[in-house]
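Every read-out reported here was derived from the displayed coordinates using simple, explicitly stated rules and does not represent laboratory data. Nothing here was measured: the structure is a model prediction, and the numbers come from that model. Glycine also receives a Cβ, built like all others from the backbone with ideal geometry; neighbour counts cover every protein chain displayed.
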Amino acid sequence: GASEAAHEAAVELFDESPAVSVFGVTVPSQVNYGLGQAIQVTYRFSDAVTATGSPRLPLTIGGKPRFATLDRAASSGENLVFSYTVRAGDNGAVRPRGGQLGIQLSNGSRIRGPGGGTVFPQFAVTLPEMQAQTTRPSVIQVQDQTGEGDYHTGAVFRFRLTWNRLVGVEGGATPTIVVRAIRGGVLGSATWVNPMSPTAEHVFEYTVKDGDVAPQGIEIAGPISLNGGAITDVFGNQSVLTFRSVRSPGVRIMVM
């Protein structure tokens, strides 16, 4: 789950007997959310409370109305946990509806204190700047940076793949792409060599080996092979691994 930081709210909820107050509100410290990730907010009361019905927190994501609903499995005693799982189409800023976060008691929902008295929410809580993104990152450009010419064994070809947003190579992956001869077969794999990530531009290298021949030039093709791990954006969405192949007829491998 997302890591969270406690933010104390100068807020009080009143119970008929005895008085019950909000002891603190924990809002997410995570600021980027991808598909299937949960946004959670926890209200901590000064005494045990019981919620009936469907209390919820009104949100907007990209301007669209959403609700964080009560997670009864995670709630207990003094804590009420509200959760919203990011779904397809949730793209944009995550904000409390109306500017400030508050529990909405609708359709007969109630919060009661230990004596059974009703707790009436009267509070104002802000959220950190948060974003949701559920579309997968993808390669938008492939460039052969080698330069035209006739090459032989030991030459190093460099290819740059550009994504539509920042992506990182995670989990020990060693991505590769296919290098093949135009009008010929597969020569081998170009290997990812980026020293840093996340970045939108990633470099792959291929070293010409004995037996490689491509007198009509070379072609760079997908899909990207991960060889373990993943390529993900800052929201946790995994990259699309396919891309349109690119030909470099001026980059030729000749027999010496």
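Observations
- Theoretical FRET efficiency, 1/(1+(r/R0)^6), r = Cβ-Cβ of residue 193 and residue 71, R0 41 Å, to 0.05: 0.40
- In a simple Cβ point-charge model (Lys, Arg +1; Asp, Glu -1; nothing else charged), the chain has a dipole of about 760 debye relative to its Cα centre.
- Size-normalised alpha-carbon gyration radius of segment 139-253, reference 2.2 N^0.38 Å: 1.05
- Calculated on the Cα set of segment 4-132, radius of gyration then Dmax: 14.3, 45 Å.
- For segment 25-41, the Karplus equation 6.51 cos²θ - 1.76 cosθ + 1.60, evaluated at θ = phi - 60°, returns couplings of 10, 9, 10, x, 8, 5, 10, 10, 10, x, 4, x, 8, 9, 9, 10, 10 Hz by residue, with Gly and Pro reported as x.
- DSSP-assigned coil residues among GluC sites (Glu not before Pro) in segment 89-184, each with at most 15 further Cβ atoms within 10 Å: 129, 148
- Over the chain, the reciprocal of the mean inverse Cα-Cα separation, the Kirkwood hydrodynamic radius, stands at 21.8 Å.
- In this label model, residue 183 and residue 148 are separated by 1.7 nm, measuring between points 7 Å along each Cα→Cβ vector.
- Length available on full extension from residue 225 to residue 213: 0.36 nm per residue minus the Cα-Cα distance, which gives 2.0 nm.
- Cβ charges +1 (Lys, Arg) and -1 (Asp, Glu), total dipole of segment 139-253, debye: 220
- Here r is the Cβ-Cβ distance between residue 107 and residue 135 and R0 is 35 Å; the resulting FRET efficiency, rounded to 0.05, is 0.55.
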